[in-house]
1. How many angstrom lie between the Cα centre of the stretch B:123-180 and the Cα centre of the stretch A:297-330?
2. Over the stretch A:61-190, calculate the relative contact order: mean separation of alpha carbon pairs under 8 Å at least 6 apart, over the residue count, as a percent.
3. Going by amide H atoms built from the backbone, whose H comes under 5 Å of the H on B:F188, apart from near neighbours?
4. Starting from the amide H of A:A324, placed 1.01 Å from N in the peptide plane, find each other amide H under 5 Å away whose residue is 5 or more places distant or on another chain.
5. For the stretch A:1-150, max minus min Cα coordinate along each principal axis, in Å, sorted largest first?
6. Among A:D312, A:D153, A:D176, which one moves the most in a GNM of chain A with springs linking Cα atoms closer than 10 Å?
7. For the rotation taking chain B to chain A, which residue of B has the Cβ nearest the axis, and how many Å away is it?
8. Is there a quick way to get the dipole size of the stretch A:102-172? I mean about its Cα centre, with the Cβ of Lys and Arg at +1 and of Asp and Glu at -1; what is the value in debye to the nearest 20?
Number of protein chains: 2
Amino acid sequence: MTEGPTITTIAQRAGVSIASVSRVLNGLPTREDTVRRVMRAADELGYVPNSVARSLRNRRTDQIAFAMADIGNPVYVAMVREIQPLLKAAGYRLLIHSTDGETDDELDVLRGLRERYVDGLIISPLRGVTQEHVEAIVAARAPVVVIGALPDDMPEGALVDNVRTDSRTGVRLALDHLHTIGRRRIGFLNGPLDTVPGAARAAAYREALEALGLPYDEDLVEVGDFYRDSGARAARALLSRVPGVDALMCANDLIALGALDVLREQGRDVPGDVAVVGMDDTDLASVTWPTLTSVSLGSAERGRAAAGLLLDRLQNGPRGPRVAVVRPSLTIRGSTTVSQASPGGAR
Amino acid sequence: MTEGPTITTIAQRAGVSIASVSRVLNGLPTREDTVRRVMRAADELGYVPNSVARSLRNRRTDQIAFAMADIGNPVYVAMVREIQPLLKAAGYRLLIHSTDGETDDELDVLRGLRERYVDGLIISPLRGVTQEHVEAIVAARAPVVVIGALPDDMPEGALVDNVRTDSRTGVRLALDHLHTIGRRRIGFLNGPLDTVPGAARAAAYREALEALGLPYDEDLVEVGDFYRDSGARAARALLSRVPGVDALMCANDLIALGALDVLREQGRDVPGDVAVVGMDDTDLASVTWPTLTSVSLGSAERGRAAAGLLLDRLQNGPRGPRVAVVRPSLTIRGSTTVSQASPGGAR
DNA sequence: TTGTACGCGTTATCAA
DNA sequence: TTGATAACGCGTACAA
């Protein structure tokens, strides 16, 4: 009772061999009488197959892992939310790894693949895919989907698919919008430059300015972390350095929250005095006041695409590396449009 | 190369038996020369132990599952965020199950424990622990921690610990606060009554009113779902039925968001005309405008406590069922205090 | 149609 | 100190 029935227990009880039990349990053709006796015994014993033993034999765990920097970040929550039901529907369990964005932790996860405790992995490396990442992926012998940028020179043998977004275009959409509503002194609050998003968005900001014929002024740029308080610090610094700023482009929504805090604290009207745009279009964007215009990088779509690619590879066997690109879009809300900014009317 | 080295491969290469390989790998006393040869062979082959085989042999998976209604809910995110690092530090991997609050899915998870794919489970049943839950827990033979209420009559043999909060006291804190700031017509926006939190909070609301000597008026109560749009609907209904309401107690923060939406839309000042209190004290509460006073039910603490209880049981063997109670507290913000409500001054 | 026997990769016991 | 060997629970050739 305390140890749980196995097919051997059933075999004894039903008076047949373990092979017959296994056959019945797996629905292979068996004499009807045998089927009945086995099923009966299994029922009475409350038999449940041991998934570990099955995994050892079948060389598959029916588990998939998702590794990202921080499960507290709404972007990753959105991804998990899409990934989970897809995996579940396909019969896989989901493991979660939070890496804190530490490259070492990411490498541990990738190397851990060799222990074969999962059939595949979705990973979103925060600071980019290093040579060591690549080596670990090649050595993994389990399919990996990378959400984010991948080096151009991936080795042939790597079982890897790639889901990426185009934050360049994303930033461009935002700056175009700000330009359209008449803003010309557009500040930029970025995250760390040694992260993939940070670096990409920095470059994109310059490019977008150029395309708009606006000068690049490094006084308008502030670098911090991807958090709210850091965003507030950065905003404060930028506003005191360049009081005439009429728009703030923020590298993510949390930074934008911090910026909104400071603007409110200083009594500056949003978007009247300063328009604000966030990035990632998280749930937070519709909660702030004014609501936050934000560049959507399609977190949900990226999650879905990643799960889709992985499942396809798992179910339909080997295929060449693939890339899925999710197009960014701009969700315009109150922080850049007066109409929505004060629905209550005069107040 | 494609199949991965095992201890047998190593044994051949090192010219020793698999037993010796195993000993060396597990750090058991071995002749130094043997150690060197084995380690060398293992290194050269890039050996990594197969976790599934090890699990089969050791009867432990080093995995723990957390099952909750919806990973998109900030309450559960807060829990996961605490649970994950604790498990990781103790050498366990984390599996996530989203049950959508469906009792059937919860039962599937509980029954799935018999497949032995995890060493333990933390579960937060949305609609309460039914007789079927209890049976599954007893049959599980793996330790379970339930976050939420547990029936009084749990059978002896159940390996179950319990983490609960006291939402009665939580609601009481909120209503006391509202009463203190002079509110007397306190509406209540609740979630479904067939959920554990919904039922508990409904009762708590009545009790708290009574304690304050305020009459219970069913016109002041609206029942919907635990979501923002539902909260908005409920608020609209309540406000049109009883325009003179001077406070809204909301059964969670999402409902409160919806209420804030409606109040703003109707041009009612918060907290001047109507004070609002949420519940759960999620990250959202500090993002809204005005910021949201909210009853903290200690999601993070509950997560931590649950992980602690489970790990303790796993590491230190059997012990009687335990209960950890997390005390609620009230985080006062702008939606109930004028001072914080308009920091920008006259505007 | 059924049963025997082996292998999946480890760990642990028991002789030698 | 070491090697042969037996589990762990399941699936499946192969032979009967």
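1. Spelled out, the Cα-based centre of one part sits 39 Å from the other.
2. Computed value for the stretch A:61-190: 22 percent relative contact order.
3. B:V221, B:E222, B:M249
4. Long-range HN contacts for A:A324: A:N162, A:V163, A:R164.
5. 61, 31, 30 Å, listed from the longest principal axis down.
6. Checking each option, the largest mean-square fluctuation is seen for A:D153.
7. B:W289, 2
8. Working: 8 positive and 14 negative charges, 52 e Å.
Using Cβ point charges on Lys, Arg, Asp and Glu, the stretch A:102-172 gives about 240 debye.
Laboratory data are not the source of any read-out in this text; all were calculated from the coordinates shown. The shown structure was predicted, so the numbers you read here are calculated from the model rather than taken from an experiment. So basically every Cβ, Gly included, is an ideal-geometry build from the backbone, and we count neighbours across all protein chains shown.
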